[in-house]
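The following block contains the structure, expressed as structure tokens.
The values are calculated or read from the model by the stated rules, or taken from the named source; none is laboratory data. Treat the numbers as computed from the prediction; the structure is a model and nothing was measured. In this analysis, Cβ positions are derived from the backbone assuming ideal geometry, glycine residues included, and neighbour counts consider all displayed protein chains. Surface areas here come from the heavy atoms of the whole protein model, side chains and all, with no ligands, DNA or RNA. Shrake-Rupley method; radii C 1.70, N 1.55, O 1.52, S 1.80 Å.
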Amino acid sequence: MLDTLLAEFGTEQGLSMLVIAVRVAGAALFSGLIGLEREMRKNTAGLRTHMVIGMASAVFAVITLELMIVAEGENDALRLDPLRLVEAVTGGVAFLAAGMVVYTKGNVKGLTTGAGMWLAASIGLACGLGYWRIALISCVAGLIVIGLLRHVSIAVGTKDEDEDHEERIHSSRE
């Protein structure tokens, strides 16, 4: 029985355990940075939510890679389409992100947080597939757009700082 368990966990078919761990941890880190910005703004979907979305996306990517590696040795009866991975993650996260969007009193709120969740999923996919440059560039660009450009919007007068503060208080009550 012990031999069976050791064989189950000791056999590497594709990616090493270290590579899998680094990819999932990288997804958590990069997606967590997006979530941290949302958390600092007191949004309902913050650090933990973004990290879990990124990690889940990375895990789906790693599973897809592992299935493709196993399928290489099989016959043509087993066909895998890696684009289905992107479609499935996109659809699943879009469902979650849509729940963040609220329309009240003529205003739409939660779009940036929902978009951040979607970005976290794409960063997770990039990490899980080993596309580190894409993940890093997306994370930095996302932080610039979500975090820094908010200050620019306030400075040029297209966003009111009091309105932003009121939105954060409202979303933290829900």
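Just the accessible area per residue of the chain, please: how many Å² with a 1.4 Å probe? Show your work: numbers first, answer last.
Working: 11170 Å² over 174 residues.
I get 64 Å² per residue for this part.
Mind checking the angle between helix 111-129 and the chain's longest principal axis? C-alpha axes, 0 to 90 degrees, to the nearest 10.
Compared with the principal axis, the helix lies near 20 degrees.
With an 8 Å Cα cut-off and a minimum separation of 6 or more residues, compute the relative contact order for the chain in percent.
29 percent.
Follow-up question, since we're still on this one. Of HIS151, HIS50, which has the most accessible area with a 1.4 Å probe, and how do the rest follow in descending order? Mind showing how you got there, number by number?
Details: HIS151 95, HIS50 0 Å².
Correct descending sequence by accessible area is HIS151, HIS50.
Specify the angular offset, from 0 to 90 degrees and rounded to the nearest 10, of the alpha carbon long axis of helix 47-72 from the longest principal axis of the alpha carbons in the chain.
30
ALA7 to ALA71: extension gain in nm, 0.36 nm per residue of separation minus the Cα-Cα distance?
Numbers: separation 64, 0.36 × 64 = 23.04 nm, distance 2.00 nm.
21.0 nm is the gain from fully extending ALA7 to ALA71.
Which percent of Cα-Cα pairs in the chain sits in each 5 Å bin, short to long?
1, 8, 15, 17, 16, 12, 10, 7, 5, 3, 2, 1, 0, 0
I've got another one for you. Are there trypsin sites (Lys or Arg not before Pro) in segment 45-135 that DSSP puts in a loop and that have at most 12 other Cβ atoms within 10 Å, and which ones?
Working: sites: ARG48, ARG79, ARG84, LYS105, LYS109, ARG133; in loops: ARG79, LYS105.
Passing both the DSSP loop test and the Cβ count: ARG79, LYS105.
Related question: What is the distance, in nm, between label points placed 7 Å from the Cα along the Cα-to-Cβ direction at SER16 and at LEU136?
Each label point is offset 7 Å from its Cα along the Cβ direction, giving 2.0 nm.
Based on Cβ point charges of +1 for Lys and Arg and -1 for Asp and Glu, what charge dipole magnitude is obtained for the chain about its Cα centre, in debye rounded to the nearest 20?
Details: 14 positive and 19 negative charges, 116 e Å.
Approximately 560 debye in magnitude.
Now, a different point. For segment 1-53, state the average projected area of the convex hull of the C-alpha atoms over all orientations, rounded to one decimal in nm².
Working: hull surface 19.6 nm².
If I average the Cα hull's projected area over directions, I get 4.9 nm².
Can I ask one more? Could you sort 15-22, 153-160, 112-119 so that the peptide with the highest average Cβ count within 10 Å comes first and the rest follow in order? List each step's numbers first, then the result.
Values: 15-22: 13.0, 153-160: 11.1, 112-119: 22.1.
Top of the packing list down: 112-119, 15-22, 153-160.
Here's something else I'd like to know. Round to a whole number: what % of the accessible area of the chain belongs to carbon and sulfur, probe 1.4 Å? It would help to have the intermediate numbers written out before the result.
On the way: 7210 of 11170 Å².
Answer for the chain is 65 percent, counting heavy atoms of protein chains only.
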